[in-house]
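The values are calculated or read from the model by the stated rules, or taken from the named source; none is laboratory data. Keep in mind that this is a model prediction, so the values were computed, not measured. Here Cβ is always computed from backbone atoms with ideal geometry, including for glycine, and neighbour counts include all displayed protein chains. When the accessible area is computed, the model is the full protein with side chains, heavy atoms only, and any ligands, DNA or RNA have been set aside. Shrake-Rupley method; radii C 1.70, N 1.55, O 1.52, S 1.80 Å.
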Amino acid sequence: MRGGRYRLVEVVRVLSVGANRVSGVAVVLMIILIVAEVVLRKFFDRSTTLCDEYTGYFQAAVVFLSLAQCFKDNLHISVDLILRRLPNPLRRWIEVINHLVALFFVAMLLWAGGQMTWESFLFGSTSYGPSNTPLFIPQLVVVIGLAIFAIQILCSFLLTIGKQSEAS
Amino acid sequence: MPATLITMSLLVLLPMGVMVAVALGSVGALLLYTKGGLPALISGVGFTVWNTGIGFTLSAIPLFVFMGEVLTRSGIGSLFFRGISVLLAGLVRGIIPYTVIIGSSIFSALNGLSITNVAAFGTLVAPEIQKTGCDKKLVYGALVGAGTLGILIPPSVTALIYCGMTGVSVADVFLAGLIPGIIMSFVFIVYVAIRLRLRPDLAGNEQHFLSDQITSLDRLKALLKLLPAGVIIFFTMGSIYFGWATPTEAGAVGGAASVLFSIGYQRRVDWRMLWGCCLSAAKITAMIMFIIICAQIMSMGLSTWGITSDLVALLSNLPLPRLLVMAMFGLMYLVLGCFVDGTSMMVLSLPFVFPIIQSLGFHPVWFGVMMTMFIEIGQITPPMGLNLFTLQGVVPQERMEVIWASAMPYVALLILGVAFFVLVPQLVLVFVK
């Protein structure tokens, strides 16, 4: 049981760290693309024509692929002023509920993102920009990010439950 | 009625410690579900997640955060600290607090977060307090107080979020923050000067700080070292002002320039540090954007039920003078700022407050600056003040009460500042075309 839990934690850690690295690369790509656009426009009177559109896709990658690692590092903001002052057993129960609310919400986001991506794929939707990029590709990044985020919350939920049962 | 109840459930979810983003999004999702059922929920949420996620305005966030991270981690803060203190040496007593305020103000023009200022200067200042015996409360106050200028003086991540949520021009809100930022910086300097005039002993013994005789050549060297920072500030802000580039483009160019600056300063390419900045910028962006996306879901839920328009109608029909409504909002933000962090406070309230502000005829750019100043106050009001926590992270041995007390004068000065700009809004709108 413990070995299984450890393996899950390890798999989720690798997924989160990996996704965060990809989103770090997206930051670099974003800077390169925009600087290239500015230089081309200012000095050569030309344009990459896809700067605005792809900046948006990179931004989506930056955001959604880092959600899980952000959660792992406890960076997502919550108001824990009251929670911190509660007695231990009660606090753990509330933490369990908090995890459930988060899991339910992110699962809903995942569903919504998944449906949107599936429809884009089904109807062959492409971007309005000149690149005609099939929209399901950047949208899939959103879905992958949300899926890893959901798994990360699930993992943390199981660990909290584990602590709770060990304590009682 | 059910919609109001659902919205009120925020008051249960937030104190429970549910992630702020999740609380906002859940309320929005419930509102959408109860109005239009599952199909409305799923399509509404999908639409909001995607369109907010790829928005060009908000894509400036990782760029400006990256820029600030590079400048902080490469140790350019120390260049500022040494440079400015050398320039001030012999001219004033109390070099440390003055250096912190002037340094934070200039550093604010290079990064868009307040905590970056506190972190960049806090580590440098702590040992100097020990050496000189300078009053630590005076310095801590300057650190957290002037640190808040990070979000007022452009570029500002807070302004980006405000504009991303309201559709107001980023360039306008950036430029509008400049004059209030400079005025507040000046007010902080005057405050320190008055304190030192009344109690000269607070400055400590500065001979330990700058032991050598400072020559004119030293001052010239210090000025030259600070020059690249001035060039970056000129190009990022100048390009926005003259319309050469959008704020997002300015962010990317500023990010690239800060990398070159750090390479020049460190005289080597520190790949590990730069990669760390990318990862950190990505995580901070994810944190901020998750709240914004969820707030947009809530905003959508509120408008489907017509809650926002009802509230606007209610408040607009009350026989209240508009300044009183503004004062009520101010009071609300003061209280809220004690318990909720700035970004959350803004995204939580904007869906309600912004339509009311518009209906009362206040200038949306001006209100963006006021909102930023409310957040600045929130960042240094205990118990939940981001800058206060950041400073304690830098000086862990210090009691939190000492840091709280040191911030109080700056809370008062910022409140006075808000009151002043409410009465003289023209000063905020000088550069707005």
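Tilt of helix B:136-147 relative to the longest C-alpha principal axis of chain B, in degrees (0 to 90, nearest 10)? For helix B:136-147, the angle is close to 50 degrees.
Rounded to the nearest 10 degrees, the angle from helix B:342-359 to the longest Cα principal axis of chain B is 60 degrees.
Tell me what chain A gives for mean residue ellipticity at 222 nm when only DSSP H runs of n ≥ 4 count, each as -39,500 (n - 2.57), the sum divided by the residue total, rounded to 500 deg cm²/dmol.
-28500 deg cm²/dmol
Computed on the stretch A:1-64, with alpha-carbon pairs under 8 angstrom and 6+ residues apart, the relative contact order is 40 percent.
With the simple model of a label 7 Å out from the Cα in the direction of the Cβ, B:Phe235 to B:Ala40 spans 5.1 nm.
Simple point charges give the picture: +1 on the Cβ of Lys and Arg, -1 on the Cβ of Asp and Glu, and for the stretch A:44-168 a dipole about the Cα centre of about 560 debye. As a length-normalised measure over Cα pairs under 8 Å and 6 or more apart, the relative contact order of chain B settles at 26 percent. Note on B:Lys131: lysines with a C-alpha under 29 Å away, same-chain residues under 8 apart excluded, are B:Lys221, B:Lys225. Once the chain from B:Glu401 to B:Ala313 is taken as fully extended at 0.36 nm per residue, the excess over their C-alpha distance is 27.3 nm. Toward the positive end of the charge dipole of the stretch B:263-378, with +1 on the Cβ of Lys and Arg and -1 on the Cβ of Asp and Glu, the farthest Cα among B:Ala286, B:Leu336, B:Met273 is that of B:Met273. Based on alpha-carbon atoms, the Kirkwood radius and the radius of gyration of chain B give Rg/Rh equal to 0.99.
Amide H contacts for A:Ser78 (H built 1.01 Å from N in the peptide plane; partners 5 or more residues away or on another chain; cut-off under 5 Å): B:Val20. Ranking B:Ser156, B:Asn205, B:Leu314 by how far each Cα lies toward the positive end of the dipole of chain B (charges on Cβ) leaves B:Asn205 at the top. Computed from the C-beta positions of A:Ile32 and A:Ser125 and an R0 of 30 Å, the FRET efficiency is 0.65 to the nearest 0.05. Its alpha carbons give the stretch B:36-190 an Rg and a Dmax of 19.2, 71 Å.
Helix B:364-379 and the longest principal axis of the Cα set of chain B meet at an angle near 60°. Give the Debye-formula value of log10 I(q)/I(0) at each listed q (0.09, 0.11, 0.17 Å⁻¹), with one equal scatterer per alpha carbon of chain A, two decimals each. Ignoring solvent entirely, the Cα scatterers give -0.43, -0.60, -1.07. Across the stretch B:228-279, Cα pairs under 8 Å and at least six residues apart give a relative contact order of 30 percent.
Kirkwood's formula applied to the C-alpha pairs of the protein assembly as shown gives a hydrodynamic radius of 25.1 angstrom.
Of A:Trp111, A:Trp118, the order by accessible heavy-atom surface (1.4 Å probe, DNA, RNA and ligands excluded), from most exposed downward, is A:Trp118, A:Trp111.
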